[in-house]
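Participant: Would you mind keeping the following structure in view while I ask a few things?
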Amino acid sequence: MAHKIDVPHDDLPANWKWSRLSQLGILIRGSGIKKNETTAEGIGCVRYGELYTTYDYFFTSTKSFTTRKVAEKSKEIATSDILMTLTGENKEDIGKATVYLGEEKIVMGGDLTKLTGHNMNPVFLSLLLNSPQIISQKSSVATGNIIVHISNDKLGKMLVLVPPLPEQAKIVTQVEGLNLQISQLPE
């Protein structure tokens, strides 16, 4: 018997549904890659702080690199995997998401998790996971004050609204069009 999900509202457009994040894919926590293990070249790597300082809602290449030896002990990131922070400085930023759209093999360090195998438009999912409704859910279950943490278990319980794939693509097109218009505004 399927577990009933308590939803904020059920008056959804046709074929839209509510889902727990854990039902969309698999959350896998990163490991390793200390700052002193980064190099000027080698295997691309992502450290959790870079999600706050370097990457927006998607990226295609890494700023940091590491050795093959360190990479072999780290978790690999595949194209379309969603990365999220598990540690941060405040509850509003915890769980910041970005999607990897590059093709090179890259790896992730600790204090990050990835959502893989989601079968959704990855850019839509990244935008969704950074939306006010999801930020509110993440910050309500995060722990700590000076250093804030969230677990895969808590992320997996987040309730997300999932439109059909064609609608996801339309939403991404609209958001990217608006982002382009905003970037062209005078400062």
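The values are calculated or read from the model by the stated rules, or taken from the named source; none is laboratory data. Quick caveat, the model's predicted, so the values are computed rather than measured. FYI the Cβ positions are ideal-geometry reconstructions off the backbone, even for glycines, and counts take in every protein chain you see. SASA here: full protein model, heavy atoms, side chains in, ligands and nucleic acids out. Shrake-Rupley method; radii C 1.70, N 1.55, O 1.52, S 1.80 Å.
Participant: Would you mind getting the accessible area per residue of the chain, heavy atoms of the protein chains only, 1.4 Å probe, in Å²?
Facilitator: Details: 10590 Å² over 187 residues.
For the chain, the per-residue accessible area is 57 Å².
Participant: How large, in percent, is the carbon and sulfur part of the accessible surface of the chain at a probe radius of 1.4 Å? Present the calculation step by step, with values, prior to reporting the outcome.
Facilitator: Values: 5660 of 10590 Å².
Whole-percent figure for carbon plus sulfur exposure: 53.
Participant: Okay, moving on. Could you state how much accessible area LYS69 has, in square angstrom rounded to the nearest 10, with a 1.4 Å probe and all protein chains kept in place?
Facilitator: Per-residue accessible area (LYS69): approximately 150 Å².
Participant: Using a 1.4 angstrom probe on the protein heavy atoms only, could you order LEU127, LEU51 from most to least accessible area?
Facilitator: Working: LEU127 40, LEU51 0 Å².
So the residues, ranked largest to smallest area, are LEU127, LEU51.
Participant: Taking amide H positions as placed in the peptide plane 1.01 Å from N, state which residues far from ILE106 in sequence (5 or more) or on other chains have amide H under 5 Å from it.
Facilitator: ILE77
Participant: Springs between alpha-carbon atoms under 10 Å, Gaussian network over the chain: tell me which of ASP111, ASP93, ASP11 tops the mean-square fluctuations.
Facilitator: Looking only at ASP111, ASP93, ASP11, the biggest GNM fluctuation is shown by ASP11.
Participant: Karplus couplings for the range 33-46 from phi (6.51 cos²θ - 1.76 cosθ + 1.60, θ = phi - 60°), rounded to Hz, Gly and Pro as x?
Facilitator: 6, 6, 4, 6, 9, 8, 10, 6, 8, x, 7, x, 9, 10
Participant: Kirkwood hydrodynamic radius (Cα pairs, Å) of the chain?
Facilitator: Numbers: mean 1/r = 0.0577 Å⁻¹.
Averaging 1/r across every pair of different Cα atoms and inverting gives 17.3 Å.
Participant: Now for a different question. Taking LYS35 as the anchor, which lysines have their alpha carbon closer than 19 Å to its alpha carbon, excluding any fewer than eight residues away along the same chain?
Facilitator: LYS63, LYS69, LYS73, LYS75
Participant: Something else: If you add up the charges near LYS34, with Lys and Arg at +1 and Asp and Glu at -1, over every other residue whose beta carbon is less than 14 angstrom from its beta carbon, what do you get?
Facilitator: On the way: positive: LYS35, ARG47, LYS69, LYS73; negative: GLU37, GLU50, ASP111.
Net charge in that neighbourhood comes out at +1.
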